[in-house]
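Encoded as structure tokens, the structure appears first; notes follow it.
Nothing in this text is a laboratory measurement; each read-out follows from the coordinates by a stated rule. Owing to the predicted nature of the structure, the values given are computational and were not obtained by experimental measurement. Positions of Cβ are generated from backbone atoms using ideal geometry, with glycine treated the same way; all protein chains shown enter the neighbour counts.
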Amino acid sequence: MFLLWDFDGTLATRPGGWIDALLSAAHDHGFGSVTAAEIRPHLASGFPWHTPGDPHTDISTAEEWWGMLRPVFTGAYRAAGLDDEAPSEIAAAVRDTYLDPDAWESYDEAAETLAGLADRGWEHAILSNHVPELPGLVRDLRLDDHFEAIYTSGTIGYEKPHPAIFEHALDRLGDGPVRMIGDSVSADVEGARRVGIPAVLVHSEDESVQYRCERLAEIPSELQRI
Ligand SMILES: [Mg+2]
């Protein structure tokens, strides 16, 4: 029996998300005047998870994946008033800035909850719309010992809620009950439901979802309701 876990917003978070990563990269290059308000509208599209109906299975390396995003970052910096070579130079630095483990934090109850569920017989895997380097990030956050597998859309080529990314994981997990846990109604709960996997929504008060809890520590009791 397996639990599939979303990563970002479920087990860990990078406060400020992509916007903070772009601001930090700009700041590191001497452009501390760039603001979140200038950047934000230009990050509302262009990431692969914004168009989960469009697979990107043609992208086979992390370099290609980040290359796909480079124009998005460059466009955001140009819109913030940066010109000449600066936008493309800083855009190239976003990768390292985003992946800086010091900028990430796991939720307080994550390790404890994963260990407690393992004691109850659950095995764990991550199923995330994320960067190709997600396994390294999970290792940096010292959560990797809890997981039998880490599946990231960045290498699989499909984004939740596309059924193919769930099927990719299911094909590899073997028989037995599977549950999904995540913080997104559309990607995690609805996506899982479409392939027959019950899901628990976490870090949410959305009352439209049958199984949900605000804290990770509440997941074991919520799973017993399914
Ligand atoms: Mg999430």
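Once a ≥ b ≥ c are taken as the square roots of the eigenvalues of the Cα gyration tensor of the stretch 114-206, is the result rounded (a/c under 1.5), prolate (a/b larger than b/c) or oblate (a/b not larger than b/c)?
Numbers: a/c = 1.28, a/b = 1.09, b/c = 1.17.
The shape class here is rounded.
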The stretch 151-226 versus the stretch 36-99: alpha-carbon centroid distance in Å: 27
Over the chain, relative contact order from alpha-carbon pairs under 8 Å, at least 6 apart, %: 25
For the stretch 190-201, Karplus couplings with θ = phi - 60° (6.51, -1.76, 1.60), whole Hz, Gly/Pro x: 5, x, 5, 4, 5, 10, x, 9, x, 9, 10, 8
Where labels lie 7 Å past Cα in the beta-carbon direction, separation of Glu148 and Glu167 in nm: 2.1
Most mobile of Thr74, Thr152, Thr35 in a GNM of the chain (Cα contacts under 10 Å): Thr35
Mean separation of Cα contacts under 8 Å, 6 or more apart, over the residue count of the stretch 1-123: relative contact order %: 40
